[in-house]
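Structure first, commentary second.
The values are calculated or read from the model by the stated rules, or taken from the named source; none is laboratory data. All values reported here derive from a predicted model rather than from experimental measurement. For neighbour counting, all protein chains shown are included, and Cβ atoms are generated from backbone atoms with ideal geometry for every residue, glycine included. SASA here: full protein model, heavy atoms, side chains in, ligands and nucleic acids out. Shrake-Rupley method; radii C 1.70, N 1.55, O 1.52, S 1.80 Å.
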Amino acid sequence: GCVAQQEEEALLRRIPELDLVIGPQHAPSIGHLLAQVETTDAQLCATEEIDGPVAEDVTAPKRDSSVSAWVNVIYGCNESCTYCIVPSVRGSEKSRDADAVLREVIACAEAGYQEVTLLGQNIDAYGRDLPGVADDGSGRRLWTFSN
């Protein structure tokens, strides 16, 4: 989370028993990172921002409700609000692939969830970083939720 992103290697120095500090953007690689820690017997810090598209998390999300599901659609933020740490620790906005979001929402519906909440620090920014414009001649982005 944000503390791991902000503290990075200082967290490893402060808590020598800690093997791994991981930022949320590295969650899809946790198996590989844990194996690396185990084989090298060294502390590891994986908090750097990842260039390119969002890596899809292969783990199944934990959902405590049988009615409501939450689906992450965008990570990070490009704003610079004086009270917020997100841009400096989570990095710039990165939207999930629209097809991946749609597959997850459909899976939620098929599993019986009655409502799906789309999550992101700045949900209105979804799609700004994805390629493509709508083919209706409007000049609008192809993938947005605020249209």
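What number of residues within segment 93-106 are within 24 Å of H26 (Cβ to Cβ) and open to solvent by 50 Å² or more (accessible area, probe 1.4 Å)? Break it down into steps so the answer makes sense when it comes.
Let us first name the residues in segment 93-106 that are within 24 Å of H26 (Cβ to Cβ), namely 93-101, 103-104.
Still in the running and open to solvent by 50 Å² or more (accessible area, probe 1.4 Å): 97, 99, 103.
Number satisfying all stated conditions: 3.
Quick check on V133: is it among the β-branched types (V, I, T), closer than 27 Å to S29 by Cβ, modelled with pLDDT under 75 and surrounded by 11 or more Cβ atoms within 10 Å (Cβ to Cβ)?
Details: among the β-branched types (V, I, T): yes; closer than 27 Å to S29 by Cβ: no; modelled with pLDDT under 75: yes; surrounded by 11 or more Cβ atoms within 10 Å (Cβ to Cβ): yes.
Judged against the criteria, V133 is not a match.
Could you tell me which residue of segment 43-59 is least open to solvent (accessible area, probe 1.4 Å), considering only residues that are at pLDDT 85 or above and among the hydrophobic types (A, V, I, L, M, F, W, C)?
Filtering segment 43-59 for residues at pLDDT 85 or above gives 43-46.
Remaining after also requiring among the hydrophobic types (A, V, I, L, M, F, W, C): 44-46.
Working: L44: 36, C45: 31, A46: 5 Å².
For segment 43-59, the residue satisfying everything is A46.
Assuming R128 fulfils every condition listed in (1) more than 24 Å from L11 (Cα to Cα); (2) at pLDDT 85 or above; (3) open to solvent by 80 Å² or more (accessible area, probe 1.4 Å) apart from one, which condition is it?
In the conditions (1) more than 24 Å from L11 (Cα to Cα); (2) at pLDDT 85 or above; (3) open to solvent by 80 Å² or more (accessible area, probe 1.4 Å), R128 misses (2) alone.
Name every residue in segment 2-20 that is among the charged types (D, E, K, R) and either in contact with a Pro (Cβ under 9 Å, 6 or more places away or on another chain) or surrounded by 13 or more Cβ atoms within 10 Å (Cβ to Cβ) (or both), in order of residue number.
Correct list: E7, E8, D19.
I'd like the full set of residues that are open to solvent by less than 30 Å² (accessible area, probe 1.4 Å) and either in a helix (DSSP H, G or I) or in contact with a Leu (Cβ under 7 Å, 6 or more places away or on another chain) (or both), limited to segment 21-42. It would help to see each step written out before you state the result.
Step one: of segment 21-42, the residues open to solvent by less than 30 Å² (accessible area, probe 1.4 Å) are 21, 23, 26, 33, 37.
Within segment 21-42, V21, H26, L33, V37 qualify.
How do the pairs read when you match residues in segment 42-54 that are over 13 Å from S29 (Cβ atoms) and touching a residue at least 40 places away in the same chain (Cβ under 8 Å) with residues anywhere that are open to solvent by 40 Å² or more (accessible area, probe 1.4 Å) and of a type outside the set (F, W, Y), using Cβ under 7 Å and keeping only pairs 6 or more apart or on different chains?
So the pair list comes out as E49/Q25; P53/D97.
Pairs, please: C-beta under 6 Å, at least 6 apart or cross-chain, first residue of a type in the set (G, A, S) and in segment 79-96, second assigned to a strand (DSSP E or B)?
What qualifies is S95/I74.
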